[in-house]
Amino acid sequence: MRVYQQVLGAFLFVFLMVESIGLAQPQGGAATVYVRKNASTPAAKADLVALQTAIAKMKTLDCSDPRSWYYQGAIHWVPNDSRDGSNLKAGNPFCAAYDGTDATLKQAWNNCTHFTRPERHFLIWHRLYIFYLEEIVRDLSGKADFALPYWDYCNPAYRVMPEIFRLPADPSNSLFVAARCTALNQGKPIDSEMDPALDLTSLMQLTNPTLFNSQIDGAPHGAMHVYIGGLFDDETFFNPIYNVGGIPGLMSRVPSAAFDPIFWLHHSNIDYIWQNWLISPNGEKPDLTDLQAAPMPYTFFRADKTMVTYTVEEAYKLAFSLPVTYDNMGTESMNPKTTGEGKRFARSAKPNALRGRETTFSAKLDIDQPATLMLANETTKRTVLHLIVSFPKEPTGTYSVYVRNSAEKKLDSREQSLGVMNFFGAGHHAMHGPDHGDHNKKMIKEFRFDITNKIDVKKFDGNLDILIKKSGNKKETDDVTIDEIHIESWPVK
């Protein structure tokens, strides 16, 4: 009965949304629900072949065509010679019309969320971005029911990159990229050191959409970007999108990330994780008012080359009404309730530098007054650790975070971490944000972790022990500083 209700509800919901959001109906007039499948299973094979076929055709189109592979990748971002160290002025083999300067950017390029901090639009923007690519793939591949597969790498059973993307590769294989983690291209599984970044336990326990958006952005999202791009093993390649050798692979840098076909399965998986959280008891939609306070472009192209532009409110509504589901879930409606933002009740501004593979330090936080009033009804609140981190260059490692009230037993890194810090896109923020002209300004990234079950706010005296454990590139010399530590009280439903 439940399956019947899910299918009936999905079709009725999509039918009602068709006219309001302008989605095309297939022949016969019935609205289609597109099912995204696990890329590592036989069920996804036809969709992967369709993607391979479509991308091959997209790569033959001139970069002035919004359906072309270069145009679609550049909607996410594209290198700029003066800011990114690219060498497109010497020639761009994929787009002669773009010479690495802002003057030659095309409509809707450089639109992703990675130029703002914090990235409140991260999940919604990327959800619409992959949805409009799917429409182009359906048109160019001829597979009318195509849906973008997802690489479920957080499941230990699927840690090997899908075979169609890796070696041995036919020279005409449109899904293969040489500037990518060598081990993945050789069919080896993701390194076990990445396990903390791929552990979804703490992420799925979150009950606030802002915290969820922030944490998933760092890991597994950012962590997998730098891993696929080869930074985990300190690899360098010729990056054809930059037209420069001796630098990391496509996925490791925002301006070249979307030109690697695995980017799209990666983001389909991030969306899959988000959707699983949304339909869980903990899931909630983000606060529309909060998103509207920091508006950003929502501009994409359809298969017929027409441009679609949405306001933040329109994009928000569309994101939660797409005719898309995943192979192991229905299309249950999202919880419309939102929970608001958090308020700080303790702070330390004493810098703590990270050194080597593990750093432990004790922090003394000043408790704001009247903290007792803010915590009076702690049963309806979550306690959140907010770290403000600085660095002179974008770190390539991934850092697991552990915390204890100093009055409790000694920290033990064998415990479950709160989550991880990953810095993918942080350098991009600095180069493309409001302070990009100030090269002496240190880079900043903020992280939030739910510590409700780690400290008792009624007994908290301001003393906190923190352990930061690094994984990834062993050659990297740490130059990362925890500038400020805040503890915040966040409302829950």
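Remarks
- Calculated over the range 154-240, the projected area of the Cα convex hull averaged across directions stands at 6.7 nm².
- Using the Cβ-Cβ distance between residue 313 and residue 35 with R0 set to 41 Å, the FRET efficiency works out to roughly 0.90.
- Over the range 2-326, Cα pairs under 8 Å with separation of 6+ residues give a relative contact order of 23 percent.
- Note on the range 2-326: Cα-only Rg and Dmax are 19.0, 60 Å.
- The range 445-476 versus the range 211-258: alpha-carbon centroid distance in Å: 25
- With the highest mean first, a sort of the peptides 102-112, 260-270, 220-230 on other beta-carbon atoms found within 10 angstrom per residue produces 220-230, 260-270, 102-112.
- Under 18 Å from a label point set 7 Å out along the Cα-to-Cβ vector of residue 305, the amide N atoms of the range 129-154 belong to 133, 135-141.
- Taken over the C-alpha atoms, the range 208-314 has Rg and Dmax values of 16.7, 48 angstrom.
- Over the range 226-281, the pair-distance histogram of Cα-Cα distances with 10 Å bins from zero comes to 24, 42, 21, 11, 2 percent, rounded to whole numbers.
- Dividing the C-alpha radius of gyration of the range 89-163 by 2.2 N^0.38 Å, with N its residue count, gives 1.50.
Only the coordinates and a few stated rules stand behind these numbers; no lab work does. Being a predicted model, the structure only gives us computed values, none of them experimental. Heads up, the Cβs are rebuilt from the backbone with ideal geometry, glycines too, and the neighbour counts pull from every protein chain shown.
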